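Working notes, structure below.
What follows draws every value from the coordinates through simple rules; no lab data is involved. Because the structure is a prediction, the values reported are computed rather than measured. Neighbour counts run over all protein chains shown; Cβ positions are idealised from the backbone, glycine included.
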Amino acid sequence: MTDDAVMSLRDIVPTLERWQKGIADEDVDLIASAFTETALFQGLGPEPVFGREGVRGYYGSQPDPLTVEYEVLRFVPIGEQAAVAYLKAVFHPRGRDPRPTYLTLVFHRVREAWLIEHYHVSLIA
């Protein structure tokens with residue numbers, strides 16, 4: 001594999017921006033489009049959800065409109081088809097205190113797009 005073949009952080013930024021915009025716009029279809037059809041999603045609820053339908057349901061059930069700010073703290077490519085990213089993300093529910101979290105995301109290349117295959121959130125105490 002050449003250095004040009006290894007993915008970089010810039011490859012996942014469009015996916016993260018789509019997820020972020022979907023959250024701000026309350027557009028569950030846009031949010032879900034950042035995920036694979038087989039995604040494992042562990043949000044702050046007690047049970048994981050699966051696939052784009054699960055992601056739509058999770059974000060569609062949020063009690064308050066949200067925005068999110070994020071910072072990628074660590075990015076590790078895993079070959080040519082996958083990567084892991086560790087983020088600090090602060091969710092801002094309208095009218096409530098911010099919710100700082102850490103996110104672990106696994107990205108998978110699906111055709112020419114980098115999509116989220118695994119999402120796990122942890123609250124920062």
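Looking only at segment 97-114, which residues are assigned to a strand (DSSP E or B) and over 17 Å from V84 (Cα atoms)?
R99, P100 - these are the residues of segment 97-114 that are assigned to a strand (DSSP E or B) and over 17 Å from V84 (Cα atoms).
When segment 79-108 is examined, which residues are found to be under 11 Å from the mean Cα position of the chain (by Cα) and of a type in the set (S, T, N, Q)?
If the condition is that a residue be under 11 Å from the mean Cα position of the chain (by Cα) and of a type in the set (S, T, N, Q), then T104 is the only one that fits.
Going through segment 109-125 one residue at a time, which ones are more than 9 Å from the chain's Cα centre (by Cα) and of a type outside the set (D, E, K, R)?
If the condition is that a residue be more than 9 Å from the chain's Cα centre (by Cα) and of a type outside the set (D, E, K, R), then V110, A113, W114, V121, S122, L123, I124, A125 are the ones that fit.
With (1) in contact with a His (Cβ under 6 Å, 6 or more places away or on another chain); (2) of a type in the set (D, E, K, R); (3) not in a strand (DSSP E or B) as the list, and E117 as the residue in question, which single condition is left unmet?
It fails just one condition, (3).
Residue by residue through segment 37-63, note down the ones that are buried (at least 16 other Cβ atoms within 10 Å of the Cβ) and touching a Gly at 6+ places or on another chain (Cβ under 8 Å).
A39, F41, V49, Y58, Y59
Looking at (1) without any contact (Cβ under 8 Å) to a residue 40 or more places away in the chain; (2) out of contact with any Leu (no Cβ under 8 Å at 6 or more places or on another chain), find the lone condition where H92 falls short.
(2)
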